[in-house]
Structures are given as C-alpha cells and as structure tokens.
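Only one structure is covered here, and it is reproduced in the block below.
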C-alpha cells in the first residue's frame with residue numbers, strides 16, 4: 001500500500017496552495033499552517049478554502065485515483081489567543097468541532113469552544129480514574145445469521161459518569177484514544193468480554209472492537225494470547241473487529257500484527273467496510289475472516305438506489321472472496337428482506353436486539369431458566385422471508 005506516496009502527494013499539493021505560508025506536518029495526517037498575511041479573518045478563510053481545493057481532486061497512485069479530503073480548524077492572533085500554545089490549542093478545538101460536524105469542513109475558533117475544550121480536558125481527567133472507580137460496563141448486542149439464529153454478541157463499552165450519567169462512546173472513545181487511556185481501557189474490555197463469554201453455556205462468538213492506538217503501543221498479540229489463556233476462552237470464538245485506521249500509517253507493521261493475531265486462532269473482521277481504494281487494497285493484503293458493511297449504507301437502503309447498489313456489490317465481493325458479510329445497523333423489516341434477498345450472511349442491529357447487559361440475554365447464552373439444553377440455536381426474528389440461495393461450502 002503506497003501510504004508514503006499518498007502523503008508525499010498531499011504535502012506537495014498543500015505546499016503549492018500555501019503560497020509561502022509556513023507549513024509543517026505535526027503527526028500522522030495532521031498539518032499546521034501559519035500565515036501573517038492579509039486582513040483577518042478573510043485571509044485565513046481564503047487560504048483554508050485553497051487548501052481544501054488542493055485536495056479536492058483525486059490523487060493518482062500507480063494509475064489508481066484516490067480521493068482524500070481536508071478538515072480545517074482556524075484560530076487567529078491576537079483575538080483568539082495571546083500566546084502560541086493557547087493559539088495552537090484553540091485551533092485544535094476548532095478542528096475538533098469541524099471533525100465532529102462534517103469531514104471536509106472549515107471551522108473558526110469561537111469562545112464557546114474554549115468552554116468545550118475545558119470540559120473535554122476535564123472528561124479526560126475523569127477517564128483516567130474511571131476504571132479504578134468501576135464506572136465502565138459492557139453491554140452486548142446480538143449478531144445473527146440472516147435467518148435470525150443468534151451466533152454471537154458484540155461487546156460494547158458504556159461509561160456511567162458519577163456526575164453526567166451515561167456518556168456516549170462516540171464522545172469518550174476519541175478522548176481515550178487521544179490521551180492514550182484507550183490502552184488500559186482496551187485491555188479491560190478484552191479481559192472482561194472474554195471472561196464473560198467463557199462462562200456461557202452456549203459457545204457463541206464474542207466480537208470486540210480494537211482501536212488503531214492499541215496497534216501502536218505494546219504487544220497486542222501477546223496480550224490477546226494471555227487473555228485467552230487466563231479466561232479459558234476458545235480462540236475460535238473471539239472475533240477482533242478493526243477499521244481501516246489500523247492499517248493507515250504503518251501498514252506493514254499493522255499487517256504483521258494482524259497475522260500474529262490470526263496465528264493465535266482468533267478471527268479478524270473488517271468493520272465499517274466501504275468501497276474505497278484503501279478498503280479494497282486491505283482485503284487483498286490480508287486474509288480477513290469477515291466484512292461488516294458500514295451501517296450508513298444500510299440506513300439509506302430505503303431511499304437511495306446508490307446505497308442499494310453498493311450493498312449488493314459488497315455482498316457479491318464477500319461471496320467472491322468466500323468471506324461472510326455482516327450488515328450492521330439493521331432496524332427495519334424492509335432492510336432485512338432486502339438483505340435476505342441479496343443473500344447477505346449475517347445481520348446486527350436494533351431489529352434483532354439492542355446493546356444490553358448480558359443478564360437481559362440470559363436465555364440466549366444458556367443461563368436463563370428457559371434456556372434450551374439441546375444444541376439447536378435461538379432465533380430472535382419471527383418473520384417469513386424468502387430464504388437466500390444455498391451457498392457452496394466454505395474453503396477450509
């Protein structure tokens with residue numbers, strides 16, 4: 001994967017758009033630009049628009065067009081800050097707001113962001129002590145075959161803050177990643193979920209999300225191996241879900257870690273799969289065990305022909321590679337019927353079950369008083385569907 005070529009091309013375009021302004025790459029795919037020229041904020045806005053336009057056109061890498069984008073946060077001296085460190089922090093606050101609203105947007109620092117930045121830092125401080133205070137809990141969302149038979153659960157972390165109540169994962173997970181707390185939190189999630197799954201009477205799968213940050217620090221395969229030994233969970237029951245972010249940056253190192261993980265006997269799923277160049281290249285570079293279709297495509301099935309075409313294409317791609325395809329975010333009977341007609345393999349979403357404490361699914365895991373003792377599976381979906389065409393046996 002020519003990541004370095006992509007970065008070099010991006011940097012060249014940005015340098016040309018800067019027209020003499022100071023440009024520095026400060027980490028990953030983050031850049032800082034300093035310009036003293038012209039009346040503000042008009043000059044800063046014009047420069048930001050030029051920078052975005054510079055990356056608007058496709059980048060050609062080895063004959064393959066690749067689309068990248070740019071999100072911009074702006075802070076102005078002296079109206080937004082009187083010193084360099086505060087100016088940079090306020091520009092970061094504006095960037096954080098731009099990313100949270102829409103990728104590819106431009107946001108200027110506002111006074112309200114200063115308050116939000118202080119709240120963000122306070123939350124990060126609370127995150128550092130949350131584990132010790134036993135404030136985290138795992139909820140479990142069922143995953144099922146297309147006919148409704150539950151085959152596993154995805155473990156999802158929840159934070160019960162003593163003052164603010166339940167804080168959404170899309171709020172605290174980025175903060176944990178940014179501060180490095182995700183390393184400790186990720187280990188806790190892995191141990192707790194594997195220990196829980198090992199106690200089930202029914203040998204259902206347990207899926208756990210891994211953060212790209214976990215691949216950058218420590219020895220992740222060693223940790224997973226230790227957890228499997230400590231909890232007694234069979235490796236084949238553990239599914240580790242990753243996003244493209246794991247392989248962006250240090251691609252070769254990421255693939256090497258994934259191969260070591262797979263050597264343990266666990267399975268690897270590509271989460272939030274899209275149809276871009278990067279996603280397809282990763283499928284070619286590593287033998288994934290599952291593809292999970294990005295739930296945004298499923299949400300648009302009822303009113304977007306493009307979404308329907310993309311979902312069909314991903315399902316066909318998965319079948320062509322002999323990979324099970326999981327559709328996330330299934331919420332309606334109509335979505336389920338579409339997926340069944342297209343021979344999608346597995347589903348996950350509110351239609352079959354919301355994330356809940358495992359006690360709410362006691363019967364499904366073989367703990368409840370009504371748990372079935374025979375080997376047959378449990379079904380959550382009571383619908384008559386046109387069944388998918390039989391699939392050929394998978395290659396071993």
Sort 229, 301, 223 by Cβ crowding within 10 Å, fewest neighbours at the top. 229, 223, 301
Over segment 173-238: Kirkwood hydrodynamic radius from C-alpha pairwise inverse distances, Å: 12.4
Span from the segment 163-189 Cα centroid across to the segment 199-267 one, whole angstrom: 19
Would you mind computing, in nm to one decimal, how far apart the modelled labels at residue 195 and residue 260 are, each placed 7 Å from Cα along Cα→Cβ? 2.5
Rh by Kirkwood over Cα pairs, then Stokes-Einstein D for segment 102-210 at 1.567 mPa s and 4 °C, µm²/s: 81
Where does each of 330, 255 land when they are ranked from fewest to most other beta-carbon atoms within 10 angstrom? 255, 330
Quick one: work out Rg over Rh on the C-alpha atoms of segment 123-365, Rh as Kirkwood radius. 0.95
Approximate spin-label separation residue 131-residue 53, in nm, with each point projected 7 Å along Cα-to-Cβ: 4.8
Counting other C-beta atoms within 10 Å, which of 199, 163, 343 has the fewest, and how do the rest follow? 163, 199, 343
Linear extension gain, residue 22 paired with residue 217, 0.36 nm per residue minus alpha-carbon span: 67.1 nm
Global size of segment 197-338 as Cα Rg and Dmax, reported in angstrom: 16.2, 48
Which distance in nm do the two modelled labels at residue 188 and residue 111 give, with both placed 7 Å along the Cα-to-Cβ direction? 3.7
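Just so you know, all these numbers are worked out from the coordinates, no wet-lab data involved. Just so we're clear, the structure is a prediction, and the values are computed from it rather than from any experiment. All Cβ positions, even for glycine, are placed from backbone atoms using ideal geometry, and neighbour counts span all protein chains on display.
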